[in-house]
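These notes concern the structure reproduced below.
Taken together, the values in this text are just the output of simple stated rules run on the coordinates, not laboratory data. Not measured: the values here are computed from a predicted model. Virtual Cβ from ideal backbone geometry, glycine too; neighbours counted across all protein chains shown.
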Amino acid sequence: MKQRSKCLCKVLLVAVMICAVLHLSSPAATARVKGQWMITIQPQGTASLSTTVLFQRGGVGFGGNDLSGGPLAYQETDTELKVSWEFAGPIFPALIVNGPATILLRGSKHGKDLVMGTLTVITNEPDSNSPIGYLTKTGTFIATRQ
């Protein structure tokens, strides 16, 4: 019986050591986005727009400036970022949107200082051909930590 207990202890010890080694070799979690970022949005067919975004605790923040910006809500995982941003408008250049809009961002984290992905701009302009009833624009974005 003692021999069996010793063998079982050795097997458990080896299993714990293997688990520890595997855990140490796995990649570390990506840093959280809290803080100031520079975001560049590029809706298809228009010039790009760069502005600052401040991600705060509790999944909230603010993007843009006092004249043309607004509050945002975000969710993140170790690898992804999702943002819903109420932009007071206008979003310059005017080819993007003349008035207020909601900007949706869906991106992948690339290290701790870069997020890249797609964007959808939902305008306040009615569009009977759109399933949501408003003109939308799609494109890409890049965000870098400041």
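Taken over the range 106-133, residues that are within 17 Å of GLN42 (Cα to Cα), free of Cβ contacts under 8 Å to residues at least 60 places away in the same chain and hydrophobic (A, V, I, L, M, F, W, C) amount to 3. Among the residues making up the range 53-83, those that are of a type outside the set (D, E, K, R) and over 16 Å from LEU104 (Cα atoms) are GLN56, GLY58, ASN65, LEU67, SER68, THR77, THR79.
Applying a threshold of 8 Å to beta carbon distances and a minimum spacing of six or more residues, or different chains, the list of pairs starting in the range 66-78 at a residue that is under 15 Å from ASN98 (Cα atoms) and ending at one that is of a type in the set (S, T, N, Q) reads GLY69/THR51.
Before we move on, is GLY139 within 28 Å of VAL33 (Cα to Cα), of a type outside the set (A, V, I, L, M, F, W, C), touching a Pro at 6+ places or on another chain (Cβ under 7 Å) and touching a residue at least 60 places away in the same chain (Cβ under 8 Å)? So GLY139 passes the test.
If you go through the range 101-121 and keep only what is among the small types (Gly, Ala, Ser) and over 10 Å from the mean Cα position of the chain (by Cα), you end up with ALA101, GLY111.
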